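Data first, discussion second: the structure below is written as structure tokens.
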Amino acid sequence: NAGVTQTPKFQVLKTGQSMTLQCAQDMNHEYMSWYRQDPGMGLRLIHYSVGAGITDQGEVPNGYNVSRSTTEDFPLRLLSAAPSQTSVYFCASSKSRAWLSNQPQHFGDGTRLSIL
Amino acid sequence: GQNIDQPTEMTATEGAIVQINCTYQTSGFNGLFWYQQHAGEAPTFLSYNVLDGLEEKGRFSSFLSRSKGYSYLLLKELQMKDSASYLCAVTEDGSGNTPLVFGKGTRLSVIA
């Protein structure tokens, strides 16, 4: 019963470094998304995917890249880390597009990222 | 565009009832979710409303008025474990680039 698995759980980077946050789900979910959560800001959508090979930008996409080569995996790449990207990152998946159905999103446990 | 408002913080007593409100302004509204998030953990699904009225699930109920752009989450017989943030999220019609929009959340503290 893995659900949505995110790795790593914690990471500290230096400004300018790049890294990939991993997200995998084993529920054969079509829709996957990445959020960042900052104090007082709530969850903000970075990128999302409605299926393998299809990605789109959310509310705050700058500085992040994604790809969806398989149904299971949806990695988030930070190209050149900046202190403003210090945040908690959540990956989520749902059976179908959230805006067309009542399918809830299942969230991973999050990655706590600090950029020095 | 989207705008979702929730109170930032609320405090209630163990055993009591609390109502957490959510107002929204969106285009192409399709439905509204409520999620619970304990400190340091991931959000978990509580309820979904698409039609006007009340949906009841045990101690938790959620109400929606589409014409008023208003929802509330009602928690009965409060327990200490209900201390958490409660997030309201609205789904749009997918024409924009943010199909699911979350409010900033309401942090509920349950006290003895």
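The values are calculated or read from the model by the stated rules, or taken from the named source; none is laboratory data. What you see is a predicted model; the values in this text were computed from it and never measured. Note: ideal-geometry Cβ built from the backbone for every residue, glycine included; neighbour counts use all protein chains shown.
Quick notes on this structure:
- Of A:D56, A:D26, all but one fail to be surrounded by fewer than 19 Cβ atoms within 10 Å (Cβ to Cβ), among the acidic types (D, E) and either touching a helix residue (DSSP H, G or I) at 6+ places or on another chain (Cβ under 9 Å) or more than 23 Å from B:Q37 (Cβ to Cβ) (or both); the exception is A:D56.
- Looking only at segment B:69-85, and only at residues there that are modelled with pLDDT of 95 or more and assigned to a loop (DSSP other than H, G, I, E, B), the one that is nearest to B:R107 (Cα to Cα): B:S83
- Only residues that are farther than 19 Å from A:L43 by Cα and touching a Cys at 6+ places or on another chain (Cβ under 8 Å) were counted in segment B:25-71, giving 1.
- Scoring A:A2 on the criteria (1) farther than 18 Å from A:F107 by Cα; (2) surrounded by fewer than 19 Cβ atoms within 10 Å (Cβ to Cβ); (3) within 14 Å of another protein chain (Cβ to nearest Cβ) leaves a single failure, condition (1).
- Given (1) outside any loop (DSSP other than H, G, I, E, B); (2) within 14 Å of chain B (Cβ to nearest Cβ); (3) among the polar types (S, T, N, Q), number of the condition A:Q22 does not satisfy: (2)
- Subset of segment A:72-116 that is among the hydroxyl-bearing types (S, T, Y) and either free of Cβ contacts under 8 Å to residues at least 40 places away in the same chain or surrounded by fewer than 19 Cβ atoms within 10 Å (Cβ to Cβ) (or both) - its residue that is nearest to the other protein chains (Cβ to nearest Cβ): A:S101
- Residue match in segment B:8-18 (condition: touching a Ser or Thr at 6+ places or on another chain (Cβ under 8 Å), at the interface with chain A (Cβ under 9 Å from one of its Cβ atoms), within 23 Å of A:F107 (Cα to Cα) and surrounded by fewer than 17 Cβ atoms within 10 Å (Cβ to Cβ)): yes
- Which numbered condition B:G40 misses (of (1) more than 9 Å from chain A (Cβ to nearest Cβ); (2) part of a loop (DSSP other than H, G, I, E, B)): (1)
- Residue match in segment B:43-50 (condition: in contact (Cβ under 8 Å) with a residue 40 or more places away in the chain and either under 22 Å from A:G58 (Cβ atoms) or surrounded by 17 or more Cβ atoms within 10 Å (Cβ to Cβ) (or both)): yes
- The requirement of being away from chain B (no Cβ under 12 Å), at negative phi and part of a strand (DSSP E or B) is satisfied by A:V12.
- Exactly one residue out of B:K104, B:K76, B:K57 is surrounded by fewer than 17 Cβ atoms within 10 Å (Cβ to Cβ) and closer than 30 Å to A:T5 by Cβ: that is B:K57.
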